[in-house]
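The values are calculated or read from the model by the stated rules, or taken from the named source; none is laboratory data. For clarity, every value in this text was computed on a predicted model and none was experimentally measured. Cβ atoms come from the backbone with ideal geometry, glycine included; neighbour counts cover every protein chain shown.
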Amino acid sequence: MHNQKSAPALNGEAKLRAHSAYTSRFNLQSKAPEGITFKLVETVDELTQTCKILYDSYTEVGYMKVNETGYRFTPFYVLPSCYTLIAKAGDTVIATTTIIIKSQEELPVESIFSLTDHLKWDRRTAEASSFTVHPNYRSHPDNIKHAMLKYLFQIARDTLGIHDLVIACTPEHMGLYEDVLLFQRLSDEVIDAYDYVNGTSAVGARLDLASMQADYANVYAQAPEWRNMYKYHFESDFESFQIPRHAATVYSGNLWSPEQLEALLKGPIKGAAALSPDDLNLLRQHYASTEYDSVFSCYGVSNPAPVLDTNIQAVVRLKTNKSVPVVVQRLEGNQIILSAENPSALLDGKTLQITTGDHNTAQAQIRVTSLGNGVNATLQEYPSSMRFIDLLLKNKGAATQSPRLTEYHLTTDLDEEDKVHFGS
């Protein structure tokens, strides 16, 4: 059980002083750090280096205990619904963070803070985790840390369609996030012992990415350029940022081939040793195709229903012919898990329809609808959602957006690689 204690909130004048103190410490550049590339992790070597610098950073400050491998490995590094970002100087990884997209499982931060009041049916939430910069680059004149944060926000907002980005960090680091980056506390409580980082104290916060541009413009309108967060994040384009070729409607970030996954689980990192049986079962669901059988055969993992996490706007056509806007969040076997403003209305559902930019429609006949917790509902399609999934994954149009949903432009320009782990 986590011990909690209240932390007094800063008043307006105190926040202004704190903001001034933090912004005076950095010198933002309008161009990207020279010789540094920002990208998604793609190779076993890149992830191995990522695990190494995170291990070195975390053991140095006590966020984790020393282990025999010399690496910090988490299941999120091989979970396709997560995205690990890195900065590289040549072939060397010098900074990293991971975006963990909220799905049906809890985020790490939810073990200490409730997100119930922040989870909305038409807003996508993710956690930014495992942020670190190599010691040799922490005082880099081009400010690698802020460039990495800029890349993080851009990928989360523009590529992944994330509205709310949550974090957990130590109280001494919260000043940067709260007073400079305009995160808002999830709670006034300070957690004395956060198990995810070896019992370190933690506070939680949330950044509204949908209103980030307006919020930054308001706060930094008169700030000089060298500490103007609005200009830095919204008026400076960094050519060294590698941006995925399409916005994500099917989440397939940390998706590895069978050979890569086997190397990560059984190689020098010994990733499997850091995974619980539940972790392995969830991974098997995400890597359900037969080509991964040999990877999981030695772990005694069964062949569960395949899982695909998505972010797709759709409508449920009711038996009364009325339409209810929904967001398809997960495909699991023949079940389709979605969110809606009023899930109980879906009990009268007849079909689930997705209309694409080329005016084609993917449609699933609903057999059974059950309600979950909060804004979620589960549809069961007859005879199997695989027919619907095939239509969805082969579609090359652009998803039609409801004005009530996200303002971000998401596409359904999907390739075979997006469904390789779904057993098709």
Criterion: basic (Lys, Arg), touching a residue at least 24 places away in the same chain (Cβ under 8 Å) and more than 26 Å from residue 165 (Cβ to Cβ) - qualifying residue of 65, 31: 65
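So that you can scan it fast, the table gives a plain yes or no per residue for (1) outside the structural domain of residue 68 (by TED's automatic domain parsing); (2) out of contact with any Gly (no Cβ under 7 Å at 6 or more places or on another chain); (3) farther than 22 Å from residue 373 by Cβ; (4) part of a strand (DSSP E or B):
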position: 264; (1), (2), (3), (4): yes, no, yes, no
position: 284; (1), (2), (3), (4): yes, yes, yes, no
position: 293; (1), (2), (3), (4): yes, yes, yes, no
position: 330; (1), (2), (3), (4): yes, yes, no, yes
position: 336; (1), (2), (3), (4): yes, yes, no, yes
position: 345; (1), (2), (3), (4): yes, yes, no, no
Residue count for segment 211-255, restricted to those that are touching an Asp or Glu at 6+ places or on another chain (Cβ under 9 Å), farther than 17 Å from residue 143 by Cβ and modelled with pLDDT of 95 or more: 1
Residue list for segment 142-165, filter: in contact (Cβ under 8 Å) with a residue 60 or more places away in the chain, surrounded by fewer than 20 Cβ atoms within 10 Å (Cβ to Cβ) and over 24 Å from residue 246 (Cα atoms): 142
Selection within segment 265-293 - more than 11 Å from residue 75 (Cα to Cα), in contact (Cβ under 8 Å) with a residue 60 or more places away in the chain and surrounded by 20 or more Cβ atoms within 10 Å (Cβ to Cβ): 269, 286, 287, 288, 292
Top-ranked residue in segment 166-206 [being closer than 20 Å to residue 126 by Cα and among the small types (Gly, Ala, Ser); ranked as surrounded by the fewest Cβ atoms within 10 Å (Cβ to Cβ)]: 187
Any chance residue 127 is buried (at least 17 other Cβ atoms within 10 Å of the Cβ), within 30 Å of residue 329 (Cβ to Cβ), outside the structural domain of residue 343 (by TED's automatic domain parsing) and over 19 Å from the mean Cα position of the chain (by Cα): no
Residue in segment 72-95 that is without any contact (Cβ under 8 Å) to a residue 40 or more places away in the chain, under 22 Å from the mean Cα position of the chain (by Cα) and not assigned by TED's automatic domain parsing to the domain that holds residue 267 present: no
Close pairs from segment 180-200: first under 10 Å from residue 112 (Cβ atoms), partner modelled with pLDDT of 90 or more and of a type in the set (Phe, Trp, Tyr), Cβ under 7 Å, at least 6 apart: 186/113; 187/113
Segment 352-377, subset surrounded by 18 or more Cβ atoms within 10 Å (Cβ to Cβ), in a strand (DSSP E or B) and modelled with pLDDT of 80 or more, residue farthest from the chain's Cα centre (by Cα): 366
Output for segment 55-79, where each listed residue is more than 17 Å from residue 272 (Cβ to Cβ) and not in a helix (DSSP H, G or I): 62, 63, 64, 65, 66
Residues being closer than 18 Å to residue 167 by Cβ, assigned to a helix (DSSP H, G or I) and hydrophobic (A, V, I, L, M, F, W, C) - total across segment 125-146: 0
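Examine segment 209-222 for a residue that is in the same structural domain as residue 72 (by TED's automatic domain parsing) and on the phi > 0 side of the Ramachandran plot, and state whether such a residue exists. Break it down stepwise before answering.
Taking segment 209-222 first, the residues in the same structural domain as residue 72 (by TED's automatic domain parsing) are 209-222.
Among the residues that remain, those that are also on the phi > 0 side of the Ramachandran plot are: none.
No, because not a single residue in segment 209-222 is in the same structural domain as residue 72 (by TED's automatic domain parsing) and on the phi > 0 side of the Ramachandran plot.
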Lone unmet requirement of (1) out of contact with any helix residue (DSSP H, G or I) (no Cβ under 8 Å at 6 or more places or on another chain); (2) modelled with pLDDT of 60 or more; (3) surrounded by 15 or more Cβ atoms within 10 Å (Cβ to Cβ) for residue 392: (2)
